[in-house]
Structures are given as structure tokens and as C-alpha cells.
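Have a look at this one.
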Amino acid sequence: MEKKNIDWSNLGFGYIATEQRFVSNYKNGAWEEGGLTTDSMVTISECAGVLQYAQTIFEGLKAYTTEDGRIVTFRPDLNAERMEQSARRLEMPVFPKERFIEAVRQVVKANAAYVPPYGTGATLYIRPYMFGSNPVIGVKPADEYQFRVFVTPVGPYFKGGVKPLTIRVSDFDRAAPHGTGHIKAGLNYAMSLHAIVTAHEDGYDENMYLDAATRTYVEETGGANFLFVTRDNKVVTPKSSSILPSITRRSLVYVAKEYLGLEVEEREIPVSELGEFAECGLCGTAAVISPVGKIVDHGREICLPSGMEHMGPVTQKLYDTLTGIQMGRLKAPEGWIYQIG
């Protein structure tokens with residue numbers, strides 16, 4: 001298939017409209033069959049539940065061109081399962097897992113000309129989302145919903161590639177105990193916008209949020225999980241019920257154990273322990289792993305031994321291995337790769 005005339009190697013992480021998207025509506029207690037449409041506009045009531053009470057959830061995953069020319073997606077079944085958990089928490093109807101995966105397949109296949117070629121560093125970002133669509137004025141769940149999937153070609157999430165980031169320990173709380181931090185709801189991201197804007201104004205790339213109950217343990221950033229490496233090469237990830245269960249983090253943990261033979265530990269990480277780690281990274285769908293070179297805790301600078309020039313050696317191996325699996329250079333565990341074309 002002939003690709004679109006796009007400067008793939010210089011794409012930013014932004015929205016470019018593609019030709020087809022998937023839409024299905026929930027009415028009278030059931031999802032309609034749904035299908036592809038060329039209409040990119042969403043028309044809803046001014047009193048729609050999503051506009052009044054932020055009843056919306058979403059997912060993010062990618063499609064890739066592999067080394068041998070196939071178009072694939074990475075573990076969409078886990079995105080479907082996480083969206084199911086998010087829907088249940090916000091009293092929204094579950095969009096069935098099999099239909100979720102099929103909708104993703106249809107949209108990627110219909111927009112195959114927008115899947116960046118292998119080796120360009122770009123990917124096709126896939127955004128499934130759902131929202132309350134009927135008028136709701138009292139505080140209650142909507143009765144009608146719309147599920148949609150669109151795709152857009154994107155470049156790296158952080159401009160400049162893998163240059164290590166400088167982050168700060170935030171004074172804001174990301175999620176409360178027993179709240180919604182473990183689901184992918186739009187409301188969680190809305191509250192992080194002020195914190196990230198002020199972080200950028202103060203010269204930082206991202207925020208490190210601590211647990212809201214005690215403000216002593218590391219949680220995550222506004223859009224990524226943390227991954228640390230000890231000086232003896234043990235991979236450590238924060239444990240908390242209010243952290244979003246990142247599919248990338250879960251995959252990296254498997255890669256660390258099964259591909260690289262590293263010891264992995266998930267546990268509470270006191271902020272006082274940050275200076276003892278050799279490497280730190282932010283992991284998520286958009287960037288896979290972004291290395292952290294410096295953490296600033298209210299004036300106290302914690303400089304990671306991995307430095308401000310490159311990824312640390314263990315983080316680099318994790319990145320290379322997972323992207324190798326995604327791009328078809330390395331054999332994937334069973335069920336991780338879904339072929340589209």
C-alpha cells in the first residue's frame with residue numbers, strides 16, 4: 001500500500017486527522033453494532049453527561065510497521081481490559097473486549113496508509129474513548145454513551161529523543177486513596193494540567209507525585225509510571241493502589257525478568273530512598289521509556305549516576321528489548337502482538 005506523503009521522521013506528538021474512525025452508540029441498555037465513518041466531528045447535547053460531570057474514559061496504544069513489513073498492534077487485549085475496569089468504576093457500560101479489539105483492527109486497517117514506515121521512529125497512535133452522550137442535569141450516570149476509536153500518526157512524545165529529563169517532586173496530589181487514580185479517566189488528567197504547566201514554567205520536564213495520604217512514597221507522573229534501577233541492577237517499581245496499571249510497565253517488568261534475567265521488585269518506594277538508585281525512567285505507551293537524569297525535591301537535587309546525556313545501561317537494554325519485540329526484531333511472548341496486515 002502506498003503511504004501518505006508525510007515527513008515521517010520529523011513528526012511531532014500531535015493530532016493529524018486520518019480518513020476513518022469507528023463509532024458505536026449505547027442506547028436502551030445495549031451497544032449498537034457500530035462501524036467506520038469518515039466524519040471526524042462529534043455532535044452531542046449541550047447538557048451531555050461528559051460535559052457536565054466529566055464522565056469519560058480513554059485508552060492509548062500504537063500500531064507499528066515491523067521490520068518485515070507487517071502492521072501490528074501491541075497487547076490491545078490489556079487496553080480492552082483496563083477500559084472495562086475504568087467503565088465499571090465510572091458507572092459506564094462495558095464495551096466488550098472482543099469488539100474493542102475488532103474496532104481497533106478495523107480503524108488501523110482502514111488507515112494503513114498512515115502507519116509510518118519501519119525505521120522512521122514514528123508510529124500510529126490509537127485512541128479508543130467513551131463518553132456519556134445524553135443530557136444529564138442531575139448528578140447521576142448518563143443513560144446513553146458513545147464509544148469511538150481514532151488514529152493519528154505521531155513522532156516521539158518528548159522532542160529531542162531520549163535526552164534524560166529533569167523532574168520535580170510536586171506539591172500537588174495526583175490521586176486520593178480509594179479514588180480514581182487506578183483508572184484511565186479524563187478527570188485524572190484534567191487535574192494534572194495546572195501542575196505540568198507550572199512545572200514547565202519552572203524549568204522542569206515533569207512532576208513526581210507522592211502518595212496523597214502520607215506524601216512520603218513515590219507514585220507516578222501525570223501520564224507515566226516510574227521504573228527505577230538499583231546500583232546492583234535490580235529493577236524496582238512503585239506499588240500503590242492509586243497508580244494506573246501501565247501496560248508498558250507490566251511489559252517491561254516481564255522483559256526484565258524473562259529476557260534479561262534481572263531481579264524485579266514491586267514495593268513502596270520512600271521519597272527518601274531516591275538518592276540510592278542508579279537509574280530512573282518514566283514508562284508509558286507514548287514514549288516507552290524516557291530516562292530521568294535529575295530529581296529535584298524542594299531544592300534538594302538528586303542526580304542519578306546514569307547522568308544527563310544518555311539512558312542508563314539497564315534502562316537502555318529494557319528499551320531496546322521491548323521496542324525490538326514491538327517492531328518484530330525479537331520474538332514476542334505469545335499473545336503480545338496482534339497482526340493487522
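The values are calculated or read from the model by the stated rules, or taken from the named source; none is laboratory data. Source: prediction; values computed, not measured. Don't worry about glycine lacking a Cβ; one is built from the backbone with ideal geometry, like all the others, and counts go over all protein chains shown. When the accessible area is computed, the model is the full protein with side chains, heavy atoms only, and any ligands, DNA or RNA have been set aside. Shrake-Rupley method; radii C 1.70, N 1.55, O 1.52, S 1.80 Å.
Run the count for the range 1-127, please: Lys pairs, Cα-Cα under 29 angstrom, 8 or more apart or on different chains.
Lysine pairs satisfying the spacing and distance rule in the range 1-127 number 9.
What percent antiparallel are the DSSP beta bridges of the range 130-276, to the nearest 5?
Of all bridge pairs located within the range 130-276, approximately 55 percent are antiparallel.
Right, next: Probe of 1.4 angstrom, ligands and nucleic acids ignored: what's the accessible area per residue over the chain, in square angstrom? Walk me through the intermediate numbers first.
On the way: 15470 Å² over 341 residues.
Value for the chain: 45 Å² per residue.
At 1.4 Å probe size, put His200, His182 in order of accessible surface, largest to smallest.
Largest accessible area first, the list is His200, His182.
Using the Karplus curve 6.51 cos²θ - 1.76 cosθ + 1.60 with θ = phi - 60°, what ³J(HN,Hα) values do you get for each residue of the range 117-122, in whole Hz, with x for Gly and Pro?
Each residue of the range 117-122 in turn: x, 4, x, 8, x, 9 Hz.
At 18 Å minimum axial length over the Cα atoms and a Kyte-Doolittle cut of -0.5, report the qualifying DSSP H helices in the chain, or say none. Intermediate values should be presented prior to the final figure.
Working: long enough: 76-89 (20 Å, -1.72); 97-110 (20 Å, -0.27); 313-326 (20 Å, -0.25).
Counting only whole DSSP H runs, the qualifying helices are 97-110, 313-326.
Go ahead and collect, in residue order, the members of the range 312-341 whose backbone nitrogen is under 16 Å from a label point 7 Å along the Cα-Cβ direction of Tyr118.
Answer for the range 312-341: 323-332, 337-341.
Suppose the chain between Arg300 and Lys109 were pulled fully straight at 0.36 nm per residue; how much longer would it get relative to their current alpha carbon spacing?
Working: separation 191, 0.36 × 191 = 68.76 nm, distance 4.97 nm.
The Arg300-Lys109 span can extend by a further 63.8 nm.
Can you give the relative contact order of the range 218-264 as a percent, counting alpha carbon pairs under 8 Å and 6+ residues apart?
35 percent
Could you check how much of the accessible area of the range 236-322 is carbon and sulfur, as a whole percent, using a 1.4 Å probe?
Heavy-atom surface of the range 236-322 belonging to carbon and sulfur, 1.4 Å probe: 47 percent.
Could you pull out every one of the aspartates and glutamates with an alpha carbon less than 14 Å from that of Lys163, ignoring same-chain neighbours closer than 8 positions?
Asp205, Glu206, Glu279, Glu309
Something else about it: Gap in Å between the Cα centre of the range 288-341 and the Cα centre of the range 18-87?
For the range 18-87 versus the range 288-341, the Cα centre distance is 27 Å.
Which value, in Å² rounded to 10, gives the accessible area of Ser241 with a 1.4 Å probe and all protein chains present?
Taking all protein chains as shown, Ser241 has close to 100 Å².
For the chain, what is the mean residue ellipticity at 222 nm derived from helices alone (per DSSP H run of n ≥ 4: -39500 (n - 2.57); sum divided by total residues; nearest 500 deg cm²/dmol)?
-6000 deg cm²/dmol
Considering Cα pairs under 8 angstrom that are at least six residues apart, work out the relative contact order of the range 268-308 and quote it in whole percent.
Relative contact order here is 36 percent.
How much solvent-accessible surface does Tyr129 expose, in Å² to the nearest 10, with a 1.4 Å probe and all protein chains in place?
Only protein atoms counted, so the area is about 50 Å².
So if R0 is 30 Å, what FRET efficiency would Lys234 and Glu67 give, r being the distance between their Cβ atoms, rounded to the nearest 0.05?
Taking R0 as 30 Å, the efficiency between Lys234 and Glu67 is 0.45.
If I build a Gaussian network model for the chain, linking alpha-carbon pairs within less than 10 angstrom, which residue out of Phe226, Phe147, Phe172 has the largest mean-square fluctuation?
For the chain, modelled as a Gaussian network with Cα springs under 10 Å, the answer is Phe172.
Assign one of three labels to the range 185-341, namely rounded, prolate or oblate, based on the Cα gyration tensor with a ≥ b ≥ c the square roots of its eigenvalues; rounded applies when a/c is under 1.5, prolate when it is not and a/b is larger than b/c, and oblate otherwise.
Prolate, since a/c reaches 1.5 and a/b exceeds b/c.
Work out which GluC sites (Glu not before Pro) in the chain are exposed loop sites (DSSP not H, G, I, E or B, at most 11 other Cβ within 10 Å) and give the longest gap free of them.
Longest stretch, sites excluded: 92-308.
Using a Förster distance of 45 angstrom, determine the FRET efficiency expected from the C-beta separation of Ser241 and Asn5, and round it to 0.05.
On the way: r = 47 Å, r/R0 = 1.06.
For Ser241 and Asn5, the calculated efficiency is 0.40.
Can you list the aspartates and glutamates whose alpha carbon is less than 17 Å from that of Lys239, not counting same-chain residues fewer than 8 positions off?
Cα-Cα hits under 17 Å: Asp173, Asp211, Glu219, Glu220, Glu263, Glu265, Glu266, Glu268, Glu273.
Just want to confirm a number: the relative contact order over the chain, from Cα pairs under 8 angstrom separated by 6+ residues, in percent.
Rounded, it is 20 percent for the chain.
By its C-alpha gyration tensor, with a ≥ b ≥ c as the square roots of the eigenvalues, how is the range 238-314 shaped: rounded for a/c under 1.5, else prolate for a/b larger than b/c, else oblate?
Numbers: a/c = 1.64, a/b = 1.32, b/c = 1.24.
Prolate, since a/c reaches 1.5 and a/b exceeds b/c.
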